[in-house]
Amino acid sequence: MVNTEQFRRERLDRGIKIRTDGLYALMSWRELSYLTLPRLILIVGMLLLPLIVPGMYWQKVVTILCIYALLAISFDFLAHYVGLVSLGGAFFIGAGGYLAAILNSTYGFPPILTIPIATLVGAAVCTLLLLPCLPLRGVYFAIVTLMYPLVLARIIEALDILGGTDGIVGVDSFANRWVEQYAVIAMVLLALFGIRRLVNLDIGLVFRAVMDNDQAVRASGMNISYYKAIAVFIGSALGCLGGACLVHIYMWCGISLFALDFSILPIAATVIGGSGTLVGPVLGCLILVPISELLREFGTLRIVFYSLILMGFIVFRSEGLMVYGERKYHQFQRWVKV
Amino acid sequence: MDILIYGTINSVALALMALGFALVYGISRVPNFAHGAIYVLSGFITWTFLRGLGLNYALSIFLTMLIIGIFGALLYQFILIRVRGIAISEIIASYAMGLAILEGLRWGGFKGMSYTLPVFAEGSILIGGIPVDYQRIIVVGIGGATVASLWLFTHYTRLGLALRGMAQDERAALMLGIDSDFMAVVAMAIGAMLAGLAGILLLPLGNIVVEAGYNVLILAIAVCIVGGLGSWMGAVLAAFIIGFAQILTVVYLGSHFQMVVALLAIIFTLILKPSGLFGMQKQLEERV
């Protein structure tokens, strides 16, 4: 044990990190692989996942995991790049899911059409419904998004519309399970790298500015609500995409799409994986979803379990696994004498 | 006439549900998303004392209030205080806590119709030709007494004045020697006890169900937003507005729309006057 009276921990970037920041990354295979290997591991790992898990049951779990990952990316993007904490992932899932189910069962559109239509139209609907709350910050937005899925489920139940409590049955499935699996995995990877690219574009800078100091953005002559609406559209599109895929996977659509699982698990995954890293939420889902699947026989104890994990992480280890991992990868630390 | 009577009863019930939330938010600016869970939890603790251990009703209520108060204080002291001021973390941590309590209760077998608390007094009287049972009258009575005693407490006792001082300006309160962390713990304990009181008073009117926790949270938040977050008098007034609106919807549209009223109230308030009727947070209005 080092005496912290006389020593302080110092963190320094690794030499290879600094070399790979610029054009020198092309210098050698070592530098190239330092940059690309983590990304390749993720991509190849995700692609191989359906092949290495045992049995069809776990392949299904992988698919569900990808749906949660989409939601988690959407939560992370909205919360840590735009500053809108959405507690209603289930709202996005429900909107996309119901739209896809209606398009498919009533109008007979094939999944290849229903999914993109449900994604775009669903995102538009979600954005429209959330529009009145967009000028709000922090607590208020969280409260309203928390209420939407609960109230929508109540309305569907009360009015007995859209299949009521029975839901809509007989939704078409994907062509076969490989199409299903690789479609969702490809969507997760696309969403992940797409959003990563997006937040580094000019508009991503505006998003972050809206989060950090909205008055400054206003002073620069930009309309905050407009940018927030775009961000909500993108975020809810990811959620609706997940929902649309989900009804085609389950071949059923009902009010359980508004269930709490869809709201709380992505948040837990984001907090555990590392907030604001976008990869972290996917990592968190890779950890949490299989655990929750193993705990399935305990019923609602799963929710207790991941709420407690969530609370523990947010209170005691709020940086998350990915931030920790990145730090270890890029930096080394040593003790220096004060 | 029945709209008037049941509207009043419903409004007082809403005010009871919302007071604890409004108090905690007003003083420490921590939105306590575990509020609904505490409400249900108090019902279950009372039930356990009453049916499980066979204690006297009054004694079990007293013990429950004590336990809930301590629970609230511990919750703040060990969890929420660490994330205070970080809006995202406050919401997620308290919401996760509430979820853990509610779903834990559900897993523990507390579901279905078999869990009820007895009413305080059987029977009913006629008020203007409408039968009203004693429990509802007790709710109105205790609700009014609670609001009045809270007002007295915050205006005429040292602790209450310190709480108000902190709610108005935390820095100034700190300079005058008020321990803001301790005050926040006290506020949370009182808030939890108010939630517990609401639970004990209102749960005998129906079954103790876990879902009530989510509904109470939503209603409490709706009342607080309409009244203006952080303003207690605003919360009471908003409780009457939403309470009567709900009863009117039940009479003219059907009971399924009660929750929709709450949501619409929130959305209209946020569009028209985001800081609520008596919002303390003027800066919010500037920021919107």
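Data for the structure
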| read-out | value |
| --- | --- |
| Of the criteria (1) free of Cβ contacts under 8 Å to residues at least 60 places away in the same chain; (2) within 15 Å of the chain's Cα centre (by Cα), which one B:Trp232 fails | (1) |
| Residue that is farthest from the chain's Cα centre (by Cα) [pool: residues in the stretch B:137-157 that are surrounded by 13 or more Cβ atoms within 10 Å (Cβ to Cβ) and hydroxyl-bearing (Ser, Thr, Tyr)] | B:Thr154 |
| Any hit, the stretch A:120-132, residues being within 14 Å of chain B (Cβ to nearest Cβ), surrounded by 24 or more Cβ atoms within 10 Å (Cβ to Cβ) and more than 30 Å from A:Pro290 (Cβ to Cβ) | yes |
| A:Val62 vs. criteria on the phi < 0 side of the Ramachandran plot and exposed (fewer than 12 other Cβ atoms within 10 Å of the Cβ) | no |
| Pick from the stretch A:150-161, criterion surrounded by fewer than 20 Cβ atoms within 10 Å (Cβ to Cβ) and either in a loop (DSSP other than H, G, I, E, B) or more than 9 Å from chain B (Cβ to nearest Cβ) (or both), ranking: modelled with the highest pLDDT | A:Ile161 |
| Scan of the stretch B:103-138 for residues that are within 14 Å of another protein chain (Cβ to nearest Cβ) and modelled with pLDDT of 75 or more, ordered by number | B:Glu103, B:Gly104, B:Leu105, B:Arg106, B:Trp107 |
| Some residue of the stretch A:20-36 being closer than 24 Å to A:Thr277 by Cβ, surrounded by 14 or more Cβ atoms within 10 Å (Cβ to Cβ) and touching a residue at least 40 places away in the same chain (Cβ under 8 Å) | no |
| Set B:Ile68, B:Ile5: member being assigned to a helix (DSSP H, G or I) and touching a strand residue (DSSP E or B) at 6+ places or on another chain (Cβ under 8 Å) | B:Ile5 |
| One residue from B:Ile92, B:Ile79 being among the β-branched types (Val, Ile, Thr), in contact with a helix residue (DSSP H, G or I) (Cβ under 6 Å, 6 or more places away or on another chain) and crowded, with 22+ Cβ neighbours inside 10 Å | B:Ile92 |
| So B:Gly26, is it in a helix (DSSP H, G or I) and not β-branched (Val, Ile, Thr) | yes |
| Looking only at the stretch B:234-260, and only at residues there that are within 17 Å of B:Lys273 (Cα to Cα) and either at the interface with chain A (Cβ under 10 Å from one of its Cβ atoms) or at pLDDT below 85 (or both), the one that is surrounded by the most Cβ atoms within 10 Å (Cβ to Cβ) | B:Ala235 |
| Check on A:Met147, more than 24 Å from A:Asp261 (Cβ to Cβ), crowded, with 18+ Cβ neighbours inside 10 Å and of a type outside the set (Val, Ile, Thr) | no |
| Selection count where residues are over 11 Å from the mean Cα position of the chain (by Cα) and either at pLDDT 90 or above or closer than 21 Å to A:Val217 by Cβ (or both), scope the stretch A:50-85 | 6 |
| The lone exception for B:Phe21 - which of (1) in contact with a Cys (Cβ under 7 Å, 6 or more places away or on another chain); (2) away from every other protein chain (no Cβ under 14 Å) it fails | (2) |
| Condition broken by A:Val247, with the remaining ones in (1) in the same structural domain as A:Leu146 (by TED's automatic domain parsing); (2) out of contact with any strand residue (DSSP E or B) (no Cβ under 8 Å at 6 or more places or on another chain) satisfied | (2) |
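The values are calculated or read from the model by the stated rules, or taken from the named source; none is laboratory data. Remember, it's a predicted structure, so these values are computed and weren't measured experimentally. Positions of Cβ are backbone-derived with ideal geometry, glycine not excepted, and every protein chain shown enters the neighbour counts.
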